[in-house]
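The values are calculated or read from the model by the stated rules, or taken from the named source; none is laboratory data. Note that the structure is a prediction, hence the values are computed from the model and not measured. Using ideal geometry, Cβ is built from the backbone for each residue, glycine included, and neighbour counts are taken over all protein chains shown. In case anyone asks, the SASA skips ligands and DNA or RNA and just uses the protein heavy atoms, side chains included. Shrake-Rupley method; radii C 1.70, N 1.55, O 1.52, S 1.80 Å.
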Amino acid sequence: LAAPVLPTGNSSDRIAKTEAQAPVARERVVVSSDVLTLTFDTEGGSLVRSEFLKHRDQKNPERHVVLFDESKDRVYLSQSGLIAGAAGGTLPTHKTPMKLVSGERELKDGADELQLKFESAEIGGVKLVKTYTLKRGSYALDVKHEVQNVGTTPLTPQLYLQLVRDGNKLAGESSFYSTFTGPAIYTEAKKYQKVEFSDIEKNKAEFEKQSSNGYVAMVQHYFASAWLLGEGVPREIFARKVDRNLYAVGMIAPLETSAPATTRT
C-alpha cells in the first residue's frame, strides 16, 4: 500500500479547536508497576501524573520524582486523539469522555505487563479505544489506538500525539549551571532541535515541520517524556500555544481509510 500523504495547511489548528469543548465529568485512575505510579484522566484517557518509584526528588528525598503532573504547581500532560481529514467533522479527542474498560490497576507478582484500556462513545461515526501497556522494569509505555468505524461511510482520520506543559522552570533551579526546560524535536535530517517556550509565544519557533522519522519530547531538567512513532510513518510536527503560559509539542499522522464496520490500529 502507498503511504498516506499528509494534508497541506496547519492541522494543529484543528487540535486547538478542541480546547474550547465544554468540561466533562472526570475520574482519575491510578495504576502502578514496579517502577511507576501513573494517574490517568477519563477525559480523553490522558496521562496526567507520573511518579518514578526508583528515583528520589533532589530537593525532598522523602518524595519520588514526579514528571507529568496536574496540580497548583505544575501542568505537564500527555494527550492524544483524532482529527478529521479533508472531509471535516468531529471525532474523539483528548477532551472526549472515555470509559475505563479494563480491571487491573497494579502489576501483579509474577506478571510481566499490565494493560489499561479506555473506550470512547461513538462520535462522528468513530469509537476510539486507547490501550496503555506497562511492562515490568520499563519506563516506556506502549500506546495502542484502535479506530473503529461504526458509521456508514469510509473515514480517513488523523491521529495526533502531544505533550503539554506550562512554561515555568522548576522551582529552585540553580543559576550557576544551565539546564533546558521545554520542547525538543528529533529528526534524522535536522537532528536534535530545542524549542524555547518564548519562541512559541512569539510564533518564531524554528524546527523541521514534516518528517517520516524521529520523535517529539518535553524536557524538564534531567528528565524527559517523548512520543515515538514507527519509522517510515509520515508525520506533521507542531509546537503551539495552548493557553496563557501553556504550550504543546506534538505530531499528527494520517491513518489509512477505514471502511464501515472495520478497525484500524
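Worth a mention:
- Under the criterion of Cα pairs below 8 Å and six or more residues apart, the relative contact order for the chain equals 17 percent.
- Length-normalised contact order for region 166-265 - Cα pairs under 8 Å, 6+ apart - percent: 24 percent
- Within straight-line cross-link reach of residue 204, aspartates and glutamates at Cα separation under 12 Å, skipping those fewer than 8 residues along the same chain: 196
- Heavy atoms of the protein chains alone define the surface here; on that basis the chain has 51 Å² accessible area per residue at 1.4 Å probe size.
- Computed over neighbours whose Cβ is under 12 Å from that of residue 135, the net charge equals -3, Lys and Arg +1, Asp and Glu -1.
- Given charges at Cβ of Lys, Arg, Asp, Glu: the chain dipole, positive-most of 39, 129, 182: 182
- Value at 222 nm in deg cm²/dmol, rounded to 500, when DSSP H runs of n ≥ 4 in the chain each add -39,500 (n - 2.57): -1000 deg cm²/dmol
- Restricting the calculation to alpha carbons of the chain gives Rg and Dmax of 18.5, 61 angstrom.
- Proximal aspartates and glutamates to residue 108, defined as alpha-carbon separation beneath 12 angstrom and excluding residues fewer than eight positions away on the same chain: 34
- Cross-linked pairs 127/241; 99/127; 127/209; 72/144: Cα-Cα separations exceed 19 Å for 127/241; 127/209; 72/144.
- Within the accessible area of the chain (1.4 Å probe), percent carbon and sulfur: 50 percent
- Prolate/oblate/rounded label for region 1-153 (Cα gyration tensor, a/c 1.5): prolate
- Backbone geometry of region 211-228 corresponds, through the Karplus equation with coefficients 6.51, -1.76 and 1.60 at θ = phi - 60°, to 3J(HN,Hα) couplings of 7, 10, 7, x, 8, 10, 9, 10, 9, 9, 6, 8, 10, 8, 10, 8, 9, 10 Hz, x marking Gly and Pro.
- Burial ranking of peptide ranges 62-69, 246-253 (average Cβ count within 10 Å, highest at the top): 246-253, 62-69
- Accessible surface for residue 135 stands near 80 Å², nearest 10, in the context of the full protein assembly shown (1.4 Å probe).
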